[in-house]
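Report on the following structure.
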Amino acid sequence: GCRGAQGRFAYKLLHDLFANYSSALRPVEDTDRALNVTLQVTLSQIIDMDERNQVLTSYLWVRQAWLDAHLAWDKDAYGGIDSIRIPSSYVWRPDIILYNNADDRFGGSMETNVVLRSDGHIMWDSPAITKSSCKVDVSYFPFDGQQCRLTFGSWTYNGNQIDLRNRLDTGDLTDFVENVEWEVLGMPATRNVITYGCCSEPYPDVTYTLLLRRRASFYIFNLLLPCIMVSFLAPLGFYLPADSGEKVSLGVTVLLALTVFQLLVAESMPPSESVPLIGKYYIATMTMITASTALTIFIMNVHHCGPGARPVPPWARRLILHHMARLCCVYEVGESCKSPRRVPSRRAGREDTGGPGESPMEGKVSAEAAGCPRDRCLCHHDGLLRNVGYIAGCFRRHRASQCRTSEWKKVAKVMDRFFMWVFFLMVFLMSVLVLGNAA
């Protein structure tokens, strides 16, 4: 019987309250006074962050509270009923919307019930999935942080009619569901009073700044580490033997792999002037690999110098075959880095190549000086002597061309080792700079 009496009192209360009530007018006794509306936002979940379109999709709980002077009652006259829950469409509601809404449907809050108390205070809790515009700065991607603002305010009521204030100095994060990509550092709230160009009246709003930091583990293991490992393959192209025929192929393959990674990053980033940090690393690495491939082609041209090549210049002998070879520990079989290296002189080269200029008359004179009579020795016949001189000259020329070819191959090998260590150092320094800028 007591429960039935409570039900009858509630029905009578609802009938009495809304008998002459209109939800179209602002519920104040004095129309010259502003109605105080407090706002509190609870962040429940970050659904998506679209960096390319710069849109943040979030799930919010929005609580609005105000005083309706026309909906107060004496609770003793209605069986002690202190509060009732009624559909929100029954009462007047402030038109608080998200100013930076980016939803094409422009949906509002869910039509939930309001809690109406006997003193006229109304509390309206409504969940909402919002899409807000957020200026995304990807300069330090994937080690970046973002600041996304959620600005709430009345669309038609100015500050002289509705005084909008934030209930707390920060958004409520107690029921936040952790996001796998973003870490929420805070959600401070500020109240702003702005006079727009269209109107002379001030319009208050409450802005919640969502401080986000990207969890970079996924991008480190899927974009950064593969790029670093592929980059360390590029200097190894200098270590490949020149006769293998794979030096240029390795550089081109590494360049194509980095191009694929660069396209993956470009597809997810907004088309802005700010290049992300990982994109700068890709561009620098691709430039380095292009330079290494060009140097490889040049060194292969030096390695494959034919027999008609000129001798190695003296400055190249001293710089490359002596100093740089010892620095890079390039030595032949039986030598070591610390053993003294014999540098071929120009005089020795002339001795090796001077055979064809010897005449048969010089052979005759030397033979006669040795005491061998001409008419009794077969070796002094002119025809045989010319043939022997020709064969000896061909052998000396062949040996001289082999010496020049081996010297040019040695020069190419020393340059390969030198540039290999130089590019290894460049890759290491670029990796350290990227991680240092990220920190």
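The values are calculated or read from the model by the stated rules, or taken from the named source; none is laboratory data. From a predicted model like this one, the values you see are computed outputs, not experimental measurements. Quick reminder, even Gly has a Cβ in these numbers, built from the backbone with ideal geometry, and neighbours come from all protein chains shown. What goes into the accessible areas is simple: the full protein's heavy atoms, side chains included, and nothing from ligands, DNA or RNA. Shrake-Rupley method; radii C 1.70, N 1.55, O 1.52, S 1.80 Å.
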Which one, PRO87, ILE46, ALA77, is farthest towards the positive end of the dipole of the stretch 1-143 when Lys and Arg carry +1 and Asp and Glu -1 on their Cβ?
ALA77
If a paramagnetic tag sat 7 Å from the Cα of LEU233 along the Cα-Cβ line, which residues of the stretch 416-437 would have the backbone N under 19 Å from that point?
420-421, 423-428, 431
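What is the stretch 7-214 by shape, rounded, prolate or oblate, if you read a ≥ b ≥ c off the alpha carbon gyration tensor as root eigenvalues and call it rounded for a/c under 1.5, prolate for a/b larger than b/c, and oblate otherwise?
Values: a/c = 2.67, a/b = 1.82, b/c = 1.47.
Verdict is prolate for the stretch 7-214.
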Tell me, in nm to one decimal, what length is gained between THR31 and LEU168 on full extension, where the rule is 0.36 nm per residue of separation less the Cα-Cα distance?
46.6 nm
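Per residue, what accessible area does the stretch 27-77 have, given a 1.4 Å probe and all protein chains present, in Å²?
Numbers: 2450 Å² over 51 residues.
Ligands and nucleic acids excluded, the result is 48 Å² per residue.
Roughly speaking, to the nearest percent, how much of the stretch 7-214's 1.4 Å accessible area is carbon and sulfur?
Values: 5300 of 10870 Å².
On the stretch 7-214, the fraction of accessible area on carbon and sulfur atoms equals 49 percent.
Suppose every Lys and Arg Cβ carries +1 and every Asp and Glu Cβ carries -1, with no other charges. What dipole size does the stretch 7-214 come out with about its Cα centre, to the nearest 20 debye?
Details: 19 positive and 28 negative charges, 36 e Å.
In total the dipole reaches around 180 debye.
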Please give, to one decimal in nm, the separation of the simple spin-label points placed at TRP61 and LYS75, each 7 Å out from Cα toward the Cβ.
2.3
Scan the stretch 104-201 for GluC sites (Glu not before Pro) in coil per DSSP, keeping those whose Cβ has at most 16 other Cβ atoms within 10 Å, and list them by number.
GLU111, GLU178, GLU181
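Using 1/(1 + (r/R0)^6) with R0 = 41 angstrom and r between the beta carbons of ARG85 and SER200, what's the FRET efficiency to the nearest 0.05?
Rounded to the nearest 0.05, the efficiency is 0.55.
With the cut-off at 1.5 for a/c, could you classify the stretch 69-144 from its C-alpha gyration tensor as rounded, prolate or oblate?
It is prolate, given that a/c is not under 1.5 and a/b is the larger ratio.
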Of the residues PRO204, ASN113, ASN100, the Cα lying farthest along the dipole of the stretch 7-214 towards its positive end, which is defined by charges on the beta carbon of Lys, Arg, Asp and Glu, belongs to ASN113
Set the Förster distance to 35 Å, then compute FRET efficiency between LEU319 and ARG215 from the Cβ-Cβ distance, nearest 0.05.
0.10
Quick one: if the Förster radius is 22 Å, what FRET efficiency do ASP137 and VAL184 give, using the C-beta to C-beta distance and rounding to 0.05?
0.80
